[in-house]
Every structure is written in C-alpha cells, then in structure tokens.
Amino acid sequence: MTNIGAPVYLEEKLEEISRSGRLDYRSKSLPTWCPGCGYFSIVESVTAALNRLEIDPCETTVVSGIGCASRFPFFVNTYGVHSLHGRALPVATGIKVAKEDQTVIVVGGDGDAFAIGGAHIPHAARRNIDITYILFDNGIYGLTKGQASPTSVLGFKTGTSPFGNQDRPLNPLMMLLSHGASWVGQAYAGNPGHLSEMICQAIAHRGFSYLHVLSPCVTFDKTTKTYKNLGMMVRGLPDDHDQSDVMAAMHEAQKTEQPALGLFYTENRPTLGDGLNEISRRSQAGS
Amino acid sequence: MANRPQILTDMQVSFCGSAGDGTIAAGDIFKRAMAEAGYQIIAFDVYPPEIRGFGKCIARTRVTFDQVYSLKPQSDVLLSLDDSHAIPHVGEVRDYGAVIYEDRPMATVEEGEHMSGHLKPAQLPYGVSFRELSERATSGARFRNIVAVGFIAGLYGLPRDLFHRTIGRKFAGKPAEVTESNIAAFDLGYDDGAKTFQVDINGFGPPPKRKKSEKVLMMHGNSAVARGCLSAKIDTFFGYPITPATSIMEILAKEMPKRGGRLLQTEDEISAVAAIVGAGFTGSRSATSTSGPGLALMTEVMGLGSIAEVPCVIFVSQRGGPSTGMPTKTEQSDLNLAVRGVAGDAQRIVLAPTNVEGCFKCAGIAFEIAEKYQTPVIVLLDLYLSNRYEAVALPNKNPFKLDATKWAKKPGKGDAYQRYKLTPDFISPRAIPGQQGMQHTITGLEHNELGRPNDQPAMHEAMSHKRHEKLKTAINYPNLTTSKRFGDKGRVRVGVLSWGSTFGECLEAMITVRKQGITCSAMKVVMISPLPVDEISRFMDDCDVVLVPELNYEGQFASIVMGTLGRPVHRLNRVTGTPMAVNDIIEEIQILAADKPKRRKAAE
Ligand SMILES: Cc1ncc(C[n+]2csc(CCOP(=O)(O)OP(=O)(O)O)c2C)c(N)n1
Ligand code: SF4
C-alpha cells in the first residue's frame, strides 16, 4: 500500500526515474499490449535488472519469437532480434556462440516455447548455454486472438476448442528440470517486486536460466489464469527448500494447483562456451 | 603448349566390385597416386546406400594431361573384383581397352558367370590371380584389391615408389604391419603386371608441369567447400548431418577449432539456420550445410534472413528427391526450392559451382557477397560434385576479402541509428551488437528505416524495392564469374546452356560435336539468382537453338530461363540418379543441329 499522506509530483517522479538510469534501457516505442496485460511487468523488470547489474545496453541482445510477449525487444534500447515463431532459442544460440561477451536474454510466450519451438528447449538446457530465458505463460495464444496453448487447462473453451480443451497441459518446470537447465525459477506478473528480483538473479546466473512467469492475458482468458485466480493460487517455496536438490525441485514442481514462486533449482556447471573453448584448446594441442 | 609429350595421357580406369572387396579403397589409392604424380584427375565413386553388404561399387578415375571436365562415357581399363557386378559394365570399355579379372576364382563358376565369357571381340583380356598373389604376399585374400592396383601400375609402367608413398600415407597411423602387407601385395601385383605384355597403344605419358605459385591438391567438392570457408576465415558453423553434405561439416569440425572458430551440431536444420542468422547478426562469418530435405525446413528462417537483412551462407548438396528420395544418388532437383522456396517476395542469391575448383571459389566468395549485400547466400552443389575428386590448383595467396561490410558511422547526438536506411545503392550501413549508441532490433515484420514494425503501403513498397534492387547489383560483384561462354564464338548452330555439375558433361559434348563439324558453344551459369540476364540473352542471340541439359524431371533451370527471358529453349532431362551421359547430350545436339532452321524462327 502506498502512503497517501505525502504528495507525489509527476515532475519529481520523472526526474527520479531519469536519474536512476533506467530510461537508458527503454526505447522510444511504447508497449502495444492491452491495458492490464501481465507483460508490462517484463519491460519494467528487465530494464531495472540490467540497470542494477550495470550491463551496458549495447552489450545486451534481447531475442524473441512471435507472439504478444515477443514484441518485447521493440520496447527496450538494447540490441534485439524479433525472430520467428518458435525460433528465439536457436537464434540466441547463434548470437551467444558467436559473441560470448553479449548478455543474451530470450523472451517469449508459452505457444512459442512449448508448441512450435518445443524441439529447441531440451538442447538449450542440456548445453547449458549462458543465456536467460524468460517465459511468459498466459496459457493461451494471445497474438492470434485466443486459441488453446500447450499450457491451457483441461476443459478451457477457446476459439479452437469451443467444446473445451481435451489435451492435458504440459508441466514446463518439470520439463526444464529434467532437461538439465542449471537455473529454474518461477515468478508471477502480479508480484512485480519478486519478478524483478528473480529476473535479476536469472540474468546474473552463469549458465542456462529458465524463469517461468505466470502472466494473465486479460483479453482472451476471463476464466482460468486470471489475476484473481492466480493471486489465490500462488504461494512461496517452503523455507527449507534445498535449491541444489533436483528431486525436491521436481516435488515442488508437481504441485501445479498451488504454483510456488521462487528459485526451484540451481547448479554451477560448465557452459556451452566453456565446452567450445575446451574443444579449441584440445584441437590446438593436437589431441 | 610448348613441350606436349608424345602420348597425351587420357586414361579412365574403373574398379568394380562389391562393398566388401575394397573397391573404393583401390580406386582411392590409384587416384591419389596419379594426382601426386601431377596428372589432372576426375574421379567419382558409385556405391550402394547400405553401409555393409554386397551392393555394387564402382570407382572411376580419369587421368589426363590436359584439363578435362567430366568422366568419359568409355573407360580404358575395367578391373573386376567381382564378376557378377562387373559383367554388366564390360560394354563401357572401349575397343583395345583392358578388362582385368580374377582368373582363378575361389568357387566353381557357373556357365556365364565368369568375365572371360563376356568380353567383346576387340577388348583385351587380362586374367590375373588376385587371390593367389594376395595369399602369397600376406597369407590372406584380403589384399586382392591392392594386388589389382599393383597389376595396373606394373602393366602400364607407372612408378612403383609413387604408389609405395601413397599406400604409406593412406595407412599412416595404423600399425606398421598394415602398410607392409599392403606394399607386399602391391609389389606382387606390380611384378605380375610388369611382365605382362601391354598391347594397347594408349597409356600413360608424362604428367603436366605445374606452376610454382599454386599448390595442386586432390580433393572432392565438399572438401573444396570446407577449404573455401577456412580461407574466408569462417567464424561459426551450425549444422545437422545429412547425406551428401555431411563431410563439409565433418571437415570443418576438425579444422575450425584449431583456428579459433566454433562449430555446433544443432538439434535440426531449423535451429542450424536460425543460429547462423543469430551469428550473422553479430557480424560473425557463419554458415550451415544441408541437402534438399534440410533446405525445405530452412526456408522460413531464410525468409527472415532476407527481410531482416542478415548475412549468412547455406551450402546445399542436392540428392535424388522428392522427400527422402535417393540419398546416395545425384540429382539437380532442388533448384526451385533454392531459388524460390520462401514465403513472400524474398529473392536470395544462389551460386552453383560447376567443378571442384568452383566449389572453393564460390564457398569463399559467398561470405563476401552475403556481407556486402546483407542477405542469405545459397551455394548449390549436388552429390556428384560433392563427392567427385579433382586435382585442384589452389592459389598460394588467399583470394578472399575478409571484410566486405558497409559499416555505419555513429549517429550524431539525438539521431537514432537507422538499420534499414534507404540509400542510393539500396544497402544500409550496418552496426552490430557491442557497438555503442547503435542499438536496434531486427525483425521479420515489415518495418521502417529504424526497424520499427510498419505495414503502410508506401513503406512495404519502398522496402520490397530496396531488398530486390540491392541484389541486382550482385551480378557485377568483382572476382566472381557469374556466367561464361566456351567453344565457338559468334553465331552457332546449337548453344548449350548449363548449370552446376552437369556443365562438365556439356563441355565434353560441345568439344566432341565441334570435331564433327557442328558449330556449338556452351555457357555455364554460376549465379542462378539473380540471373545474369544480359549475358544469357546475348548468348541466346547467337544460337540457332538452345539446349538446357539438367538432372531433374521438370527442367527447372529451363523454366527459370524461359520465365525470366521469355525465350524458348530445348530441355534435356534425366533422372537416373547418375551424372548425365555425355553421349545423351551429343545425340541431342546432333538432332537439333540436323533440324531445319525453322526452329530458329521459333526461337526468335
Ligand atoms: C510459423 C507460424 N505459425 C503460426 C503463426 C501465428 N502465430 C503467431 S503468434 C502465435 C501464438 C502466440 O501464442 P504465444 O506464443 O503463447 O504468445 P502470446 O501471444 O500469448 O504472448 C501464433 C500461432 C506464426 N506467426 N508463424
Ligand atoms: S492479447 Fe492478451 S497477452 Fe496479448 S497483449 Fe492483450 S492481454 Fe496481453
């Protein structure tokens, strides 16, 4: 709750934001999402995180596929690739392999990731490529105006499932944990403070970090993953959760009725870049 | 040429047997020794799709003094390691050519199963005891193939130590006994050949003298592609294995890390091409390699490369199609896909080398062109070109430019960098990640000069125009032969217009019909997209009729030429899975030449 007592002057607020340096990370385009869409929090959180980590905008590349969420690169003042539906991860892989010193952030929706782009996720995870994947899960196809997605709940009525969705939703956290992602966390667009903190940690992690963000589509989902419903469902991870225990992480990931927010699992292991450097070394040593 | 020798070498030797006979290995030793001696070489192996088993293998090598462009329709020597496979090929041996076969087979041979019963009257039979000689040299029959190589070398008086060196190199890294056994087997074969009377008047004369400024290496098309990439200082490579392109990736996997390059095997072709677009965006020289099925998967991302204007290079080696088709057979049927396979209007640059040396040049120059015009470039080979060996003279000096980019200057204060700026040459100055103050987002959406999504009519027209016009200027890119005419100058009766690996056969056919008194010239087209229309048009002006031979059913190149120039051509199409027979082209030229000039009217 904000303090009603002290007046806030717009000029002062703008001055404060501009002094913070965060505007350096914003482009001149205003986000085109529907008012209330969970995606607004991405822009805020990512720019805040880059600012906090003092990563230069020109040392950062944001990559996306196609979808509402994927419009993201246009709203930040970093380098960006708005690529193709489902292909953000391989494009990002090319960028990171070619230019190791870029901070590479991938943003996309659940259809982009788990339907059309599903083949790429296991490989990005197992290679431990040093990029951050922020996945915005609204359980629906937003850009194409409301069809079922791989994370839509059973029975959900959409344009392409008028009698209810018959396909069981995927469990992305279980998938990423089993694929070998070295950092797996979950956040909620309705809790921007925590989201911001998680994005910061995810970017700072050396290796493949996967952040699952529950994010309502206010326009095409009025019944299932709404702010109201999600707000009642989410909880924190247990205080004694061991972030280095992949079995414990999977145990928590199974509780889809009460999604937990926080860092499920993290480990330190060599990245794809480390592996490629090692191959280079071996080839030059002649073995 | 000043001192041309008395015997102008032109000998084609074919080894034929089953997969287990060491047929391909025998051909390999023979061609490597001949290349080392300094001869011109063209060699192409045909083998079954199965890795093991008893399928037929043929290893053909043509050894010449002058440069030639294809295998000959007729061989001078056929060496049979398995008569059941070789008998059907007896007919391809010329009169007074040699047929060499096992004279003491292991098992009883049924009527009609032994080579000796199949020779044509003028062919020269040589029965040799391969197995017995192998067993005497090594106490095993495994070295029959090496005995056979030795016999040919001995029969034609080729230097013994040359082959010893080649064998030594081939088995370097294996235990010393392996080399020793091979050499022992070779020597017994050699001695046997040397004491056999050589009847044929054709044989091996001295090899040509080579220039100091070049090094001559024997390599196949795929290895020439890999060398081209390395000379152009490729930075990154992403690929997914597929016959017949895989060896490009395998060679680069060995060589790139030594030079600081990085190579990654991706999960599929979509990721491979998406990754080279990502890498290309950062300024990396990046490439992938594939065949038709992979190219089909890549088309969407290549469209992104076109509209987002990202340099990248895609090597495609065609095989028999459609679908999985004939993975170990050659065909030129992915031309439509390479040139036109994309959503929307997205022209791209397609280069099709015609020989192994061309593979090297096109591979290297593809990186320059991709950079200069900021677009995907396809280099289109086929199985025949990928796998065929030639002795190639590579320049000692690196012929490729290592940066062909038009770079952007940092914009003034308050000005934003315009990634897609409309300029007089249609090329927008580039900036790449890491450069300060030039941040921008590239996109597959239609966009304005800043790269912001914009679908206004005038903008889509301006940007479509820009993307197409900039490619047109690629036809004039320096150091690249986009098309070239050979043979008779001026007006000719028949013109042969050709692309890709088939050009070699066309050239041989053209040379032959000219000797028969038909005026003829042949043009190769290396840049298939955008098409060098003016050159082709001038060539067609000079020809009574134009013939387009190609290895696909539909006549894909003929259709492109007719569609682009609006002028008729005659098609010659074969889908046998093998290189085009020179005789088929010769016959077609003869028919066209004999035709009344009314066809000429139709052509005008
Ligand atoms: C190859 C291809 N197929 C289909 C589409 C159409 N399409 C665009 S976005 C989209 C789904 C978007 O859903 P999601 O990825 O969940 O993102 P959201 O819009 O919900 O953020 C689809 C099917 C496309 N652009 N390209
Ligand atoms: S359609 Fe849904 S996901 Fe897309 S911008 Fe609107 S609210 Fe957000």
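For the reader, a short list of remarks on this structure follows.
- Once the Cα gyration tensor of chain A is diagonalised, semi-axes √(5λ) in Å: 29, 25, 19
- Nearest-0.05 FRET efficiency for A:Leu23 and B:Asp455, computed from C-beta distance (R0 30 Å): 0.60
- Of the chymotrypsin sites (Phe, Trp or Tyr not before Pro) in the stretch B:147-242, those whose Cβ has at most 10 other Cβ within 10 Å and which sit in DSSP loop: B:Phe197
- Solvent-accessible area of A:Lys222 with every protein chain in place, 1.4 Å probe, in Å² to the nearest 10: 150 Å²
- Solvent-accessible surface of the protein assembly as shown, taken per residue with a 1.4 Å probe and all protein chains present: 41 Å².
- Placing unit charges on the Cβ atoms only, positive for Lys and Arg and negative for Asp and Glu, gives the stretch B:463-561 a dipole magnitude near 340 debye about its Cα centre.
- Note on A:Leu10 and A:Phe163: the extension gain reaches 50.2 nm, defined as 0.36 nm multiplied by sequence separation minus the Cα-Cα distance.
- Potential lengthening between B:Thr423 and B:Glu180 on full extension [0.36 nm per residue; Cα-Cα distance subtracted]: 80.7 nm
- Pairwise centroid distance, computed over Cα atoms, of the stretch A:164-216 with the stretch A:243-269, Å: 10 Å
- Computed magnitude of the charge dipole of chain A (debye, nearest 20; Cβ of K, R +1, Cβ of D, E -1): 840 debye
- Each of B:Gln590 and B:Gln6 was given a label point 7 Å from its Cα along the Cα-to-Cβ line. The distance between the two points is 3.4 nm.
- Largest-first principal axis extents of the Cα set of the stretch B:138-283 (Å): 65, 40, 25
- Considering only the stretch A:1-150, percent of DSSP beta bridges that pair antiparallel, nearest 5: 20 percent
- Heavy-atom accessible area buried between chains A and B is around 3300 Å² (1.4 Å probe, both sides summed).
- Fraction of accessible area attributable to carbon and sulfur, the protein assembly as shown (%, probe 1.4 Å): 53 percent
- Amide H contacts of B:Met218 (H built 1.01 Å from N, under 5 Å, at least 5 apart or other chain): B:Val392
- Sequence-distant residues sharing a close amide H with B:Thr375 (under 5 Å, placed H): B:Cys312
- Taking 25 °C and 0.890 mPa s as conditions, the stretch A:140-258 diffuses translationally at an estimated 157 µm²/s according to Stokes-Einstein applied to its Kirkwood radius (Cα pairs).
- The calculated FRET efficiency for B:Arg491 paired with B:Leu162, based on their beta-carbon distance and R0 = 45 Å, is about 0.40.
- P(r) weight above 30 Å for chain B, C-alpha pairs, percent: 57 percent
- Derived scalar couplings ³J(HN,Hα) [the stretch A:248-261; Karplus, 6.51 cos²θ - 1.76 cosθ + 1.60; whole Hz; x for Gly, Pro]: 5, 4, 5, 4, 5, 5, 6, 7, 6, 6, 10, x, 8, 9
- Long pairs among B:Lys72/B:Lys120; A:Lys99/B:Lys170; A:Lys28/A:Lys157, criterion Cα-Cα beyond 30 Å: A:Lys99/B:Lys170; A:Lys28/A:Lys157
- Where only C-alpha atoms are counted, convex hull volume of the stretch A:189-259 per residue in Å³: 115 Å³
- Listing of the stretch B:427-443 residues, each with accessible area lower by at least 20 Å² in the full protein assembly than in the chain alone (probe 1.4 Å): B:Pro433, B:Gly434, B:Gln436, B:Gln439, B:His440, B:Thr441, B:Ile442, B:Thr443
- A 1.4 Å probe, protein heavy atoms only, puts the accessible area of A:Leu53 near 60 Å².
- Between B:Gln74 and B:Glu214, the contour length at 0.36 nm per residue exceeds the alpha carbon distance by 47.3 nm.
- Per-residue ³J(HN,Hα) for the stretch B:134-146, Karplus 6.51 cos²θ - 1.76 cosθ + 1.60, θ = phi - 60°, Hz, x for Gly and Pro: 4, 5, 5, 7, 9, 6, x, 8, 5, 9, 3, 5, 6
- Using Cβ point charges alone (K and R +1, D and E -1), the dipole size of the protein assembly as shown about the Cα centre works out to roughly 2260 debye.
- Members of the stretch A:264-287 that become less accessible by 50 Å² or more once partner protein chains are added (1.4 angstrom probe, chain alone as reference): A:Leu276, A:Ser283
- The chymotrypsin sites (Phe, Trp or Tyr not before Pro) of the stretch A:159-256 that DSSP puts in a loop, and whose beta carbon has at most 13 other beta carbons within 10 Å, are A:Phe163.
- Take every DSSP beta bridge whose two residues both sit in the stretch B:217-394; close to 20 percent of them are antiparallel.
- Computed with a 1.4 Å probe on the full set of protein chains, the accessible area for B:Met218 sits at about 30 Å².
- If the convex hull is drawn through the Cα atoms of the stretch B:217-394, its volume per residue in Å³: 93 Å³
- Separation in nanometres of the label points that stand 7 Å from Cα toward Cβ, at A:Asn277 and A:Met247: 3.4 nm
- Quotient of the Cα radius of gyration of the protein assembly as shown and 2.2 N^0.38 Å, N being its number of residues: 1.11.
- Counting only lysines at least 8 places from B:Lys472 when in the same chain, those with an alpha carbon closer than 21 Å to its own are B:Lys361, B:Lys372, B:Lys401, B:Lys406, B:Lys421, B:Lys484, B:Lys524.
- The B:Thr405 and A:Asp56 beta-carbon pair, evaluated with R₀ = 25 Å, returns a calculated FRET efficiency of approximately 0.65.
- Other-chain or far-sequence residues with amide H under 5 Å of B:Phe315's (modelled H): B:Thr288, B:Ser289, B:Thr290, B:Val379
- Of B:Leu188, B:Ala148, B:Asn222, farthest towards positive along the dipole that unit charges on Lys, Arg, Asp, Glu beta carbons give the stretch B:124-236: B:Asn222
- Between the stretch B:498-517 and the stretch B:336-352, the Cα center-to-center distance that results, in Å: 28 Å
- Cα gyration tensor shape of the stretch B:10-194, rounded if a/c is under 1.5, else prolate or oblate by comparing a/b with b/c: rounded
- Note on the stretch A:119-267: antiparallel DSSP beta bridges, both residues inside, total approximately 35 percent of the bridges counted.
- In this simple spin-label approximation, B:Tyr553 and B:Gln198 carry label points 7 Å from Cα along the Cα→Cβ vector, and these lie 4.7 nm apart.
- Principal axis dimensions, the stretch B:499-604 - Cα atoms, whole angstrom, descending: 35, 34, 20
- For the stretch B:526-534, Karplus couplings with θ = phi - 60° (6.51, -1.76, 1.60), whole Hz, Gly/Pro x: 8, 9, 8, 8, x, 7, x, 4, 4
- Of the residues making up the stretch B:274-292, those losing 50 Å² or more of accessible area when the isolated chain is joined by the remaining protein chains, with a 1.4 Å probe, are B:Thr282.
- Taking the centroid of alpha carbons for each part, the stretch B:265-287 and the stretch A:113-160 are 22 Å apart.
The values are calculated or read from the model by the stated rules, or taken from the named source; none is laboratory data. Predicted, not measured: the structure shown is a model, and the values here were computed from it. Using ideal geometry, Cβ is built from the backbone for each residue, glycine included, and neighbour counts are taken over all protein chains shown. Just the protein is used for accessible areas: all its heavy atoms, side chains included, with ligands, DNA and RNA removed. Shrake-Rupley method; radii C 1.70, N 1.55, O 1.52, S 1.80 Å.
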